[in-house]
Amino acid sequence: MISRAVNPSGPLVKIGVIGKYMGLRDAYKSIFEALTHGGIANDVALEIKGIESEDLEGGQTDILEGLDGILVPGGFGYRGIEGKLEAVQFARKRNIPYFGICLGLQCAVIETARHLAGLSDANSSEFSPECSHPVIHIMEEQKDITDKGGTMRLGLYSCDLLDGSAAQSAYGSSRISERHRHRYEFNNEYREMLEEAGLVYSGLSPDGRLVEIIERPELRWFVACQFHPEFTSTPIKPNPLFIAFIRAARKNASK
């Protein structure tokens, strides 16, 4: 568990970061720093709790009680995934501001598919290659790569934002550029079905092919992105999504 006060005299906002490497102090360093930047921008006393995702498996979500916001960051591998899905569902059902980053977007898509679109065995082909509904699958250009190394989709890519979306409101722009680091993506075969289940695709690649941001506008703040906004955040210029997330969590804390 990690806690950090940004402004001890400001309103207290409690954020849970759900990962599987919490025992490694620097594993989520850029996430914690970017949350701190968002706390500075919102002038709050920010408490960040690192929560092991495996501790949530089987519905053991008591540790999430009292949080004002929940963030699921990036990562690889199946271990701890079911706990992250529990965290997504908890945030959605309790209407707690949710921020998903990279794998956090993929978990939000899987959770929607399983519990709102009737695809009970939905998964990512990374975790379950033989699943019937791979709502997350490997990118086309990654399929023939055998030497993994530094061959992921890396670097800065543009993204077009949907008018009136939470993402566009946060950035104040219709086109942004953010940094990526992933192999798997939203499976477009399920785009229409999951839209009917409530997902809004508020960020797309300029050619419209890649889903970069999803939202659930009926909730207080539920935004997940495929890229890594923490990589572009600084104390002087916090990333807009972190500012918006902490703002939403602050409002949730004061309700």
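General remarks:
- Potential lengthening of the chain between Asn7 and Ala45 amounts to 13.2 nm, from the contour at 0.36 nm per residue minus the alpha-carbon distance.
- One decimal place: the segment Arg25-Glu130 gains 34.3 nm when fully extended, by the rule 0.36 nm per residue minus the C-alpha distance.
- Put a plus charge on the Cβ of each Lys and Arg, a minus charge on the Cβ of each Asp and Glu, and nothing anywhere else: the dipole of the chain about its Cα centre is then about 920 debye.
- Between the amide H of Val13 and those of Ala45, Leu46, Glu47, distances stay under 5 Å, these residues lying 5 or more places away or on another chain, with hydrogens modeled in the peptide plane.
- For the chain, the 222 nm mean residue ellipticity estimated from helices alone, with every DSSP H stretch of n ≥ 4 adding -39500 (n - 2.57) and the total spread over all residues, rounds to -8000 deg cm²/dmol.
- Cα-projected label distance for Lys237 with Ser120, points at 7 Å along beta-carbon direction, nm: 5.0 nm
- DSSP bridge orientation in the chain - percent antiparallel, rounded to nearest 5: 50 percent
- Charge tally in the Cβ shell below 10 Å around Lys251, where Lys, Arg are +1 and Asp, Glu are -1, Lys251 excluded: +3
- Percent of C-alpha pairs per 10 Å bin, region 12-253, short to long: 8, 35, 40, 17, 1
- Across the chain, the mean sequence separation of Cα contacts (distance under 8 Å, 6 or more residues apart), normalised by length, yields a relative contact order of 23 percent.
- Order of Glu130, Glu52, Glu189 - criterion: other Cβ atoms within 10 Å of each residue's Cβ, fewest first: Glu130, Glu189, Glu52
- Total formal charge among the other residues, if their Cβ is under 11 angstrom from that of Val135, Lys/Arg +1 and Asp/Glu -1: -2
- Cβ crowding within 10 Å, taken as a proxy for footprinting-reagent exposure, orders Cys159, Cys107, Cys131 from fewest neighbours to most as Cys131, Cys159, Cys107.
- Given charges at Cβ of Lys, Arg, Asp, Glu: the chain dipole, positive-most of Phe32, Cys102, Cys225: Phe32
Values in this text are rule-based calculations from the coordinates and carry no lab data. The structure displayed is predicted, hence computed values, not measured ones. Glycine gets a Cβ as well: all are built from the backbone with ideal geometry, and neighbour counts include every protein chain shown.
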